[in-house]
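Below: one structure, written as structure tokens.
Here, each number is a calculation from the coordinates, and none is a lab measurement. Please read all numbers here as calculations on a predicted model, not as lab measurements. Glycine gets a Cβ as well: all are built from the backbone with ideal geometry, and neighbour counts include every protein chain shown.
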Amino acid sequence: MKRSLSFFLTGALLFPAVLYPSDSLAHEPETSTSRSASAAENFSLKNADEKPTLPVREHTDIQRELLTSIRALEQPAKMDVSAVVMSEIPEIEVKNLYYELLRQNPELKYAYDLSAQVQNGILTCQISYMPYKTGAYPADWKGVPIDSLSQLLTEANKHLGDAPLPIRLTDTSLEPDTIQRALQQVGGGYMVCELNPDGTEITYAPALGHTMEECLALLEEADGLAEEIIQKNITPALTERECAETLYHYLIHTVQYDRRYYTDREHMPYDSQTAIGTLRDQLAICGGYSHALKLLFEKVGIPCYTVSGTYGQEHHMWNLAFLEGQ
């Protein structure tokens, strides 16, 4: 059966839910595609010293070797660049070629760093790979095993705070940008949750102008307010879809749009972008509506996610929910 997602648009733009074919993050396959031990061993053997020096004539030749090596999880061959016209600082030029490569192929961002050195016309590059792609974790690594995006979000939400969470990603098919987008679901707008550069930790940072203690307290307050709304508006007799519609209509009929976003943005409080502005102050912009709806839906067992993008020429946020099999 083809799955679809319910889209709930809140904030200034109030539309009925519409359905689009898609796969749900809440119902992704839970299978792991861990790299075998032999693959990790092969990675350690494939280094530049075991390859013949590659003669190159154009910048595109350098980029091609980098691309081939990254896709194969290898180190690039040494390159004879004596015939290539390069700047006074060729290492920076090579680094820019690498950045352009990742921009064009974001799925390759597991190659998270590159160092380059040119001596006597020979270019030597060293690529740093995220260990989850190569299997090259330290023998004593104690990171929490993560085999799916759903588990990633569960663990990230369980460990909110100043301390980073060490992890061990076991699904080599996950792309770094996909992981980073998933982690945007964590923190309710009160904190930024990200994968660290080498993919071995989840890090947390408080919202601008806030301390971590303040952010955690606001999350707890929003959770309590959401619980009160559930108790007053939801009964066991309601179906899942009726619960969703009840909570959706509660928000759009009790919360006002904070029009200071258009008239006096400098004095619009940060709370208007979060569930606190929505649930406590009944005043929010699209981000506040969306974070609040996500919190309310999750409390009644409906998988729900915030989505950031543009509507017309404006930045916007809305929701996706997996509802009664759709």
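With a cut-off of at most 15 other beta carbons within 10 Å, and DSSP calling the residue loop, which trypsin sites (Lys or Arg not before Pro) in the range 81-145 qualify? Please list them.
Lys142
To the nearest 0.05, how large is the calculated FRET efficiency for Glu324 and Glu298 if R₀ is 22 Å and r is the Cβ-Cβ distance?
0.90
Evaluate the distance, in nm, between pseudo-label points positioned 7 Å from the Cα of Asn105 and of Glu50 along their respective Cα→Cβ axes.
2.1
Search the structure for amide H atoms under 5 Å from the amide H of Ile167, placed 1.01 Å from N in the peptide plane, and list their residues when 5 or more places away or on another chain.
Residues meeting the amide H criterion: Val144, Glu201, Ile202.
Do you know the relative contact order of the range 37-133, to the nearest whole percent, from alpha carbon pairs under 8 angstrom that are 6+ apart?
Rounded, it is 28 percent for the range 37-133.
Place a +1 charge on the Cβ of each Lys and Arg in the range 140-206 and a -1 charge on the Cβ of each Asp and Glu, then give the dipole magnitude about the Cα centre in debye, rounded to the nearest 20.
200
Considering amide H positions built from the backbone, and no H for Pro or chain starts, which residues 5 or more places from Asp258, or on another chain, come under 5 Å of its amide H?
Ala284, Ile285
How high is the FRET efficiency between Asp61 and Gln117 when r is their beta carbon distance and R₀ equals 22 Å, given to the nearest 0.05?
Efficiency at R0 = 22 Å is approximately 0.80.
Before anything else, pin down the relative contact order of the range 140-206: Cα pairs under 8 Å, at least 6 apart, normalised by residue count, whole percent.
Across the range 140-206, relative contact order equals 36 percent.
Would you give the gap between the C-alpha center of the range 112-131 and the C-alpha center of the range 228-303, rounded to a whole Å?
49
In nm, to one decimal, how far is the Glu228 label point from the Ala205 one, both placed 7 Å along Cα→Cβ?
Placing both labels 7 Å beyond Cα along the Cβ direction yields 3.3 nm.
Under a plain spin-label model, where a point goes 7 Å from the Cα along Cα-to-Cβ, how far apart in nm are Ala217 and Ser87?
4.8
Given a cut-off of 28 Å, name the pairs among Lys51/Lys95; Lys142/Lys294; Lys95/Lys142 whose C-alpha atoms lie farther apart than that in the structure shown.
Table pairs above 28 Å Cα-Cα are Lys142/Lys294; Lys95/Lys142.
Please figure out what share of the DSSP beta bridges in the range 37-133 is antiparallel and state it in percent, rounded to the nearest 5.
85
Output the peptides 82-94, 240-252, 270-282, 288-300 sorted from most to least packed, where packing is the average of other Cβ atoms within 10 Å over each peptide's residues.
By packing density, highest mean first, the sequence is 288-300, 270-282, 240-252, 82-94.
Can you compute the charge dipole magnitude of the range 186-326 about its Cα centre, using +1 on each Lys and Arg Cβ and -1 on each Asp and Glu Cβ, nothing else charged? Give it in debye, rounded to the nearest 20.
460
By how many nm would the segment from Ala72 to Thr239 lengthen if fully extended, with 0.36 nm per residue of separation less the alpha-carbon distance?
55.1 nm is the gain from fully extending Ala72 to Thr239.
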